[in-house]
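Participant: Encoded as structure tokens, here's the structure I'll be asking about.
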Amino acid sequence: MSRRCGFCLVLVALAIATPAMAQRYTAAQQGEVVTLADRAADAVVTIVPSVGNIVVEMKIKGHNVLRYPQGSVAEFKARPGATGIPFMGPWANRLDEQAFYANGRRHAFDMALGNVRGEVPIHGFVTTTDRWRVTSVAASDNDASVTSRLEFYRQPAWMRQWPYAHTIDMTYRLAGGVLEVSTTIANLSDEPMPVSIGFHPYFQLTDSPRDEWAISVGARTRWLLDARKVPTGATEAAATLFPEPRVALRDYSLDDVFSDLVRDDLGRSTMTVWGRSQRLDVVLGPRFRSVVVWAPSPSGKGRGGQGDSPPAERNFICFEPMAAISNALNMAHRGQYQDLQTIPPGGTWQESFWVRPTGF
């Protein structure tokens, strides 16, 4: 073999090997777990579709920006609460009665079914469902993604409580070290369907404890709550609670509802938490009209809507993207809330939020 031919063979071998070696993004499903990776950003996202389609880990250089106390998928399945990025539907947060209003009618919940509980129903009933089905796992030169679908209309017990046939497609997309969570709801029913879904992410920083963090909430209006933590209809300026754009979290014990979000030129609103060097931005698209901030103080005391509570480990903050405020379905019916979105028959609603870590 001539030197030239040998050199050509080396070039061919390199051409074959290089794409796999240099591939920035990967996406893989193994059993119940889907993993997305961004090699250049050293970012890995772990999703468990069979338990609410919840993201349980978003690791940046080995640091998980999501609370995940369980430590393993098996433990998470047995005890899935207060973890990762749960989805809340068909409504998010609290209702003020065991019913909701839509299209001028009162829909009373069948409490005997057991999927809606309490005098103040909260967070819907699909948060940990195993009915999500993965429809796509993909990686390209630009991103890694997984899409799953929830066919709500196929579940009679769900339709009894929420009689609007629909599907939900959720895509987790990792690109440039940033996680996008995109949700598309398709209304299959013959009537407009109200949109009051949301997410309840549990964020954390690893370079400092919670009481050393600072936060910024990009909102102008705070809704005042009653003893059940349901909006009364009265509001005040968010600056009454947060007198500065950036405040020390140690002074607060938060469970508060905000709207009139501050938007950039793309219509997006940003919530931020800072540690010593780490920073996490949660960016809400324009159809997320509200955010709930839940950050109960470890001491059990502080300014905000949480109220006094026993001391506990609470090294997290929840910036909760919401399509509407708490109890929006019932307040809109009474004329107390004007920003409730609906999906026309055969139409869709789509929006995203982004989790953007820096300083890791």
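The values are calculated or read from the model by the stated rules, or taken from the named source; none is laboratory data. Everything numeric here is computed off the predicted structure, so don't read it as measured data. FYI the Cβ positions are ideal-geometry reconstructions off the backbone, even for glycines, and counts take in every protein chain you see. Surface accessibility is based on the protein's heavy atoms, side chains included, excluding ligands, DNA and RNA. Shrake-Rupley method; radii C 1.70, N 1.55, O 1.52, S 1.80 Å.
Participant: Once each part is reduced to its C-alpha centroid, what is the distance from region 88-153 to region 174-220 in angstrom?
Facilitator: Centre-to-centre distance over Cα atoms comes out at 15 Å.
Participant: Moving to a separate point now. How big is the charge dipole of the chain about its Cα centre, in debye rounded to the nearest 20, if each Lys and Arg gets +1 on its Cβ and each Asp and Glu gets -1 on its Cβ?
Facilitator: Approximately 580 debye in magnitude.
Participant: Take the solvent-accessible surface of the protein heavy atoms, probe 1.4 Å, and return the percent of it on region 248-337 that carbon and sulfur atoms account for.
Facilitator: Carbon-and-sulfur percentage of accessible area, whole number: 47.
Participant: Then there's this: Provide the three semi-axes, in whole Å and in decreasing order, of the ellipsoid equivalent to region 63-142 as defined by the square roots of 5 times the Cα gyration tensor eigenvalues.
Facilitator: Square roots of five times the eigenvalues give 31, 18, 13 Å.
Participant: On the principal axes of its Cα set, how long, how wide and how thick is region 178-296? Give whole Å, largest value first.
Facilitator: Cα extents, longest axis first: 52, 36, 28 Å.
Participant: Looking at region 289-331, I'd like the Rg to Rh ratio, where Rg is from alpha-carbon atoms and Rh is Kirkwood's inverse mean 1/r.
Facilitator: Checking Rg against Rh, the ratio lands at 1.07.
Participant: For log10 I(q)/I(0) by the Debye sum over Cα atoms at q = 0.14, 0.15 Å⁻¹, several values are listed as (1) -1.17, -1.26; (2) -1.21, -1.39; (3) -1.38, -1.62; flag the one computed from this structure.
Facilitator: For log10 I(q)/I(0) by the Debye sum over Cα atoms at q = 0.14, 0.15 Å⁻¹, the calculated option is (2).
Participant: Determine which aspartates and glutamates satisfy two conditions relative to LYS61: a Cα distance under 19 Å, and not lying fewer than 8 residues away in the same chain.
Facilitator: Those aspartates and glutamates meeting the cut-off are ASP38, ASP42, ASP143, GLU180, ASP207, ASP281.
Participant: Shifting gears a bit: Quick one: with all protein chains in place, what share of the accessible area of region 112-163 is carbon or sulfur, to the nearest percent (1.4 Å probe)?
Facilitator: Accessible surface attributable to carbon and sulfur in region 112-163 totals 44 percent.
Participant: Still on this structure, please answer the following. With no solvent and one equal point scatterer per Cα, compute the Debye intensity ratio I(q)/I(0) for region 125-248 at 0.13, 0.17 Å⁻¹ and report its log10, rounded to two decimals.
Facilitator: Results for region 125-248 at q = 0.13, 0.17 Å⁻¹ read -0.89, -1.13.
Participant: I've got another one for you. Using amide H atoms built in the peptide plane, which far-off residues or other-chain residues are under 5 Å from THR221 H to H?
Facilitator: ALA238, SER259
Participant: Calculate one ³J(HN,Hα) per residue across region 80-90 by plugging θ = phi - 60° into the Karplus curve 6.51 cos²θ - 1.76 cosθ + 1.60, and present them in order as whole Hz with x for glycine and proline.
Facilitator: So the Karplus estimates, Gly and Pro as x, are x, x, 6, 9, x, 10, x, 8, 10, x, x Hz.
Participant: Solvent-accessible area per residue for region 245-306 at a 1.4 Å probe radius, Å²?
Facilitator: 39 Å²
Participant: I've got another one for you. Show log10 I(q)/I(0) for region 40-96 at q = 0.16, 0.21 Å⁻¹, two decimals, from a solvent-free Debye sum over equal Cα scatterers.
Facilitator: These q points yield log10 I(q)/I(0) values of -0.53, -0.80.
Participant: Moving to a separate point now. Kindly provide the helix-only [θ] at 222 nm of the chain, computed as the sum of -39,500 (n - 2.57) over DSSP H runs of four or more divided by all residues, to the nearest 500 deg cm²/dmol?
Facilitator: Helix contribution divided over all residues of the chain: -3000 deg cm²/dmol.
Participant: From the phi of every residue in region 55-67, what ³J(HN,Hα) in whole Hz does the Karplus formula 6.51 cos²θ - 1.76 cosθ + 1.60 yield, where θ is phi - 60° and glycine or proline is x?
Facilitator: 6, 9, 9, 9, 9, 10, 6, x, 9, 7, 8, 10, 5
Participant: Just the accessible area per residue of region 38-119, please: how many Å² with a 1.4 Å probe?
Facilitator: 38 Å²
Participant: Take each of the peptides 196-207, 79-90, 255-266, 110-121, average the number of other beta-carbon atoms within 10 Å over its residues, and list them starting from the highest.
Facilitator: Taking the mean over residues of other Cβ atoms within 10 Å, the ranking is 196-207, 79-90, 255-266, 110-121.
Participant: Output ³J(HN,Hα) for region 272-285: one whole-Hz value per residue in order, computed from phi by the Karplus curve 6.51 cos²θ - 1.76 cosθ + 1.60 with θ = phi - 60°, and x for Gly and Pro.
Facilitator: Each residue's phi maps through the Karplus curve to give 9, 10, 10, x, 5, 10, 7, 9, 10, 9, 10, 10, 9, x Hz.
Participant: Across the Cα atoms of region 102-175, what radius of gyration and what greatest pairwise Cα-Cα distance (Dmax) are found, in Å?
Facilitator: 16.1, 51
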